[in-house]
Amino acid sequence: MRNTRKAFRWIVGRIRRQRIPFQIFGGLAARAYGAKRALADIDIAVPNGRFHEIVPAVRRYITGEPRRYRDRNWDLLLMTLSYAGQEIDICGDPVRIYDATARKWRKHAAPFSKPTYGKLYGLTIPLVPKKTLVAYKRQLGRRVDRDDVRQLTAK
């Protein structure tokens with residue numbers, strides 16, 4: 001059985017022990033801002049230059065080896081972990097996102113120097129700013145992203 005709270009608190013603790021800047025993005029950030037959909041994974045961005053520092057602390061939980069990953073939506077440095085039954089994606093930043101509307105790749109960088117803070121599972125953590133989250137989810141245009149945008153922009 002999946003324990004998102006336990007997995008989240010564990011990975012945040014590992015990253016903080018190494019003093020690596022990070023930001024929560026994706027579905028979990030959407031939930032922090034009020035979206036209600038089911039969570040698929042925990043998405044965390046760290047600076048590309050610090051990405052490999054976290055590997056030794058999480059090695060036994062890696063299910064997707066650290067590497068450059070590209071599919072039709074994303075082009076990024078990525079590793080996938082599984083802890084307490086919860087999938088965790090850690091990506092290097094900046095990333096490239098395919099803008100489905102403009103039909104071109106766009107660079108997206110987390111504003112590590114100006115984080116927005118929120119509370120998740122009892123921890124105060126840096127979140128991708130809501131405006132940035134909505135903008136890149138609009139660009140991706142996947143069904144899950146459209147659902148998040150609808151919920152995050154509803155008045």
Inset, instruction - Pairs to check: LYS36/LYS119; LYS6/LYS130; LYS36/LYS130; LYS104/LYS130. Give those whose C-alpha atoms are more than 19 Å from each other in this structure. - result: LYS6/LYS130; LYS104/LYS130
Inset, instruction - Name the residues whose placed amide hydrogens come within less than 5 Å of the amide hydrogen of PHE22, ignoring near sequence neighbours (fewer than 5 apart) on the same chain. - result: none
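When Lys and Arg each count +1 and Asp and Glu each count -1, what net charge do the other residues less than 9 Å away from ALA84, Cβ to Cβ, add up to?
+3
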Inset, instruction - Can you send over the carbon and sulfur percentage of the accessible area for the chain, probe radius 1.4 Å, protein chains only? - result: 48 percent
Legend entry - Rounded Å value of the spacing that divides the Cα centres of the stretch 56-117 and the stretch 4-24: 15 Å
Inset, instruction - Provide the per-residue ³J(HN,Hα) series for the stretch 26-33, in order, calculated from phi with Karplus coefficients 6.51, -1.76, 1.60 and θ = phi - 60°, each as a whole number of Hz, with x at glycine and proline positions. - result: x, x, 5, 5, 4, 5, 4, 8
Inset, instruction - Once every Cα of the stretch 61-117 carries one equal point scatterer and solvent is ignored, give the base-10 log of I(q)/I(0) from the Debye formula at q = 0.23, 0.24, 0.28 Å⁻¹, two decimals. - result: -0.95, -0.97, -1.04
Legend entry - Sum of -39500 (n - 2.57) over DSSP H runs of 4+, divided by residues of the chain (222 nm, nearest 500): -8500 deg cm²/dmol
Legend entry - Residue-by-residue Karplus 3J(HN,Hα) for the stretch 149-154, coefficients 6.51, -1.76, 1.60, Hz, glycine and proline x: 4, 4, 6, 6, 10, 5
Inset, instruction - Determine the principal axes of the Cα atoms in the chain, then give the extent along each, sorted from largest to smallest and rounded to whole angstroms. - result: 39, 33, 31
Inset, instruction - Run the quick spin-label model on VAL55 and TYR117: label points 7 Å from Cα toward the beta carbon, then report their separation in nm to one decimal. - result: 3.2 nm
Inset, instruction - Give me the distance in nm between label points sitting 7 Å out from Cα along the Cα-to-Cβ direction at ARG19 and GLU65, one decimal. - result: 3.2 nm
Legend entry - Per residue solvent-accessible surface (Å²) - the chain, probe of 1.4 Å: 54 Å²
Inset, instruction - With θ set to phi - 60°, apply the Karplus curve 6.51 cos²θ - 1.76 cosθ + 1.60 along the stretch 61-71 and write out the HN-Hα couplings as whole Hz, x wherever there is a Gly or Pro. - result: 9, 6, 10, x, 4, x, 6, 6, 10, 9, 9
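The values are calculated or read from the model by the stated rules, or taken from the named source; none is laboratory data. Everything quoted here is computed from the prediction, not taken from an experiment. Every residue, glycine among them, receives a Cβ derived from its backbone with ideal geometry; neighbour counts consider all protein chains shown. When the accessible area is computed, the model is the full protein with side chains, heavy atoms only, and any ligands, DNA or RNA have been set aside. Shrake-Rupley method; radii C 1.70, N 1.55, O 1.52, S 1.80 Å.
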